[in-house]
1. Taking the Cα-to-Cβ direction at Y96 and at A229 and moving 7 Å from each Cα, how far apart do the two end points lie in nm?
2. With a ≥ b ≥ c the root eigenvalues of the C-alpha gyration tensor of the stretch 103-221, is it rounded (a/c under 1.5), prolate (a/b larger than b/c) or oblate?
3. Is any residue of the stretch 320-342 close enough, with backbone N under 12 Å, to a label point placed 7 angstrom from the Cα of D83 along the Cα-Cβ axis, and if so, which?
4. What is the distance in Å between the Cα centres of the stretch 84-131 and the stretch 406-421?
5. Assuming R0 = 45 Å, can you tell me the calculated FRET efficiency for the pair E352 and D72, based on Cβ-Cβ distance, to the nearest 0.05?
6. Could you work out how much longer the chain between R46 and H405 gets when fully extended? Use 0.36 nm per residue separation minus the Cα distance between them, nm to one decimal.
7. Taking a ≥ b ≥ c as the square roots of the eigenvalues of the Cα gyration tensor of the stretch 93-145, is the shape rounded (a/c under 1.5), prolate (a/b larger than b/c) or oblate?
8. Quick check on the stretch 149-274: of the DSSP beta bridges with both residues there, what percent are antiparallel, nearest 5%?
Amino acid sequence: MIDIKAYSHNHGKNMNGLALELNSVLDGTCAGRLLSQQGRRFYFPRGIIAQSAEAKAAARLVNATIGMAYQDGKPLMLSAIADSMPTLTAEEAVAYAPTAGVEKVRRVWQDLILQKNPSLRQDRISLPVVVPGLTAGISYTADLFVEDGSSVLTSDPCWDNYGLIFQERRNAALIGVPFFGAGPGLDMAAVGRALEGAAETGVVRVILNFPNNPSGYSPTQAEAEAITALILKTAQKGADVLVICDDAYFGHFYEDNIFKESLFACFASLHDRVLAVKIDGPIKEEYVWGLRMGFLTFGSRGLGSEHYEALIKKVMGAIRSSVSCANTPAQYFILQALEDKRSAAEKEQFQEILRNRYRMVKKVINEQGNHPALDALPFNSGYFMSFRCRGINAETLRTELLTRHGIGTVSLGENYLRVAFSSIDEEKIPEAYHTIYQTALAMQEKNAVLPAGHSLR
């Protein structure tokens, strides 16, 4: 009979040999030092998937490795599925994808990253890994590099899912940095203080989301250079720095002075102690939200191809142990969309629709001027803008707007209200925003006349 207690104790100590091999490749690098205990345990097994990949390349007579049903060399497929996917072959529609993604899709996306970020060099970054959505990419990154009890810097306000990913899943402290002060852009002094404080531990983990959700702000050229200088200074003083670039809304820029590359391009070859991770994908860039497909790419001056391969295998271990592989037809749909000659013009048309909505929101806010209850955070890109609430509760405002006026918005904590102008037809924007302003003002005035000790909260 197995001694369960003894097995559990010994199993915790005896790390898999494949994990040890990958760790030995990464030891001595920034990536190796940044690995969490769970990250050190990850490996890609030489089991069914690896053996199937070998057989796919070499088995000439039959390939009896993978749990799929074939006939005449093609996967079996229901007619209903075939009729719904007329442009895909059976292999593209229903077969398993490789754990790291379809090779051609990965290479095409890497080419796109290099095209959109001309300061990047191909030999400085890894081949992207396909993940089942950008959220999964962030979560896998957290699994690899965020330790129980560690901390992660993020913007305040930030996307609410960061709390679930870093705090609830990884038991880390999510530290909000006040990115926006009284000025028109980023509060670089606040960012600098946060990095300096985190560096005292010897390890800095930060997630940068531009265009930012929920504020809709992207750094200017000068701000991008300032952020890069702060990260470099932190590394030069001896701290290892993990910079996660959440580029979900990349490319949706509406002003000329915005830094048009991803900050990943600034960090990917910045310093041996800086490990940059780019999380991006077609979800917003190609307008395919429901396909749930993204990419995870590494970049660091201190890493070479063997290090990137080790990191990719660790990511593959995370994928294999959670969802096995990303959606196959989604990858081929994206490949078709990227290769279709109609896509570029259609995307520009969609971008102009968003740009016009942005301009209308700006116009309404500028016409409104100073408002006693709502202060618009800086915004110049993306899908959203947000208000900082003064003297009123954001959740109470959200509820009032929804129940009384039929306007759906999102409250983030007590102080911020997010409005996704991307989903509002341009002609409806003035009415929607005027209603938001009027409702907030009425709430503030009602708060002001309540008896002492009472509040609308």
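A short reminder: the numbers here are calculations on the coordinates, not readings from a lab. These numbers come from a predicted model, not from an experiment. Positions of Cβ are backbone-derived with ideal geometry, glycine not excepted, and every protein chain shown enters the neighbour counts.
1. That separation, rounded to one decimal, is 5.2 nm.
2. oblate
3. Of the residues in the stretch 320-342, none has backbone N under 12 Å from the label point off D83.
4. 35
5. Numbers: r = 48 Å, r/R0 = 1.06.
Result of the calculation: an efficiency of 0.40.
6. Residue separation times 0.36 nm, minus the Cα-Cα distance, leaves 123.4 nm.
7. In terms of gyration-tensor shape, oblate.
8. Working: 2 of 16 bridges.
So the antiparallel bridges amount to about 10 percent of the total.
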